[in-house]
1. Calculate, in nm to one decimal, what residue 41 and residue 122 gain on full extension: separation in residues at 0.36 nm each, minus their alpha carbon distance.
2. Filter the GluC sites (Glu not before Pro) in region 72-168 down to the DSSP loop ones having no more than 15 other Cβ atoms within 10 Å, then list what survives.
3. Take the Cα atoms of the chain, build their convex hull, and give its volume per residue in Å³.
4. Over the Cα atoms of region 63-136, Rg to Rh with Kirkwood Rh, two decimal places?
5. Which is farthest toward the positive dipole end of the chain among 2, 72, 152, measuring Cα position about the Cα centre, with Cβ charges +1 (Lys, Arg) and -1 (Asp, Glu)?
6. Once you keep just the Cα pairs under 8 angstrom separated by 6 or more residues, what percentage relative contact order results for the chain?
7. Using Cα-only point scatterers and the Debye equation, what is log10 of I(q)/I(0) for region 89-176 at each q in 0.11, 0.19, 0.20, 0.24 Å⁻¹, rounded to two decimals?
8. Over the chain, with a Gaussian network built from C-alpha contacts below 10 Å, which listed residue (32, 173, 15) shows the highest mean-square fluctuation?
Amino acid sequence: MTPAVLWQAAAHLLAYPDERFWRRLPLIEEAAAPHFGAFLARAAALGPGELAAHYVETFDLQRRCCLYLTYYTDGDTRRRGESLAALKARYRAAGWELLEDELPDFLPVLLEFAALDPAGVALLREHRAGLELLRAALAERGSPYADVVGAVCDGLPPATAADRDRAARLAAAGPPAESVGVYR
């Protein structure tokens, strides 16, 4: 399987499991089953309702399982806005425009970009520490999505010592926070 197929399949599998998700699943099974077989089996066993509930519980209610990668490095700070703007500029420079309702750091968006442009793979590598933290958090929860994020990480060049150090620092300290305009 080509890296582009891996990234596109992972983008689809990490999107909310709505009706479109289930309609496209046979294509993913055909194209990428070796990489995502464990996830596909668990998704089928859970079914649409349970998988959707698990998705919301995991990605919407667990801060450690965030699909918005700048959250790991910037938290909910003003700096995150700068990071999002920089990502949008990089997409535009590659001739890629986001839809109005998409944030540029949403992992499925980054994966779709990586499927189309090598600059997207560079972005994934830049966010390796966040990806590793997400993988670990999902594995800790026993989430089937750990297999998908694991396949993404395994599709990248091996993590460097600097990547592992950055992930360890982020795991220990958590995302940055700031108190703007709060008086005590």
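1. That pair, residue 41 and residue 122, stretches by 26.1 nm at full extension.
2. Sparse-neighbourhood loop GluC sites (Glu not before Pro): 97, 100, 102.
3. Output value, Cα hull per residue: 135 Å³.
4. Rg/Rh for region 63-136 comes to 0.94.
5. Positive-most Cα among the choices belongs to 72.
6. With pairs under 8 Å counted, the relative contact order is 30 percent.
7. Each listed q maps to, in turn, -0.33, -0.94, -1.01, -1.24.
8. 173
Every number here is computed from the coordinates shown, using simple stated rules; none is lab data. No experiment lies behind these values; they were computed from the predicted model shown. Virtual Cβ from ideal backbone geometry, glycine too; neighbours counted across all protein chains shown.
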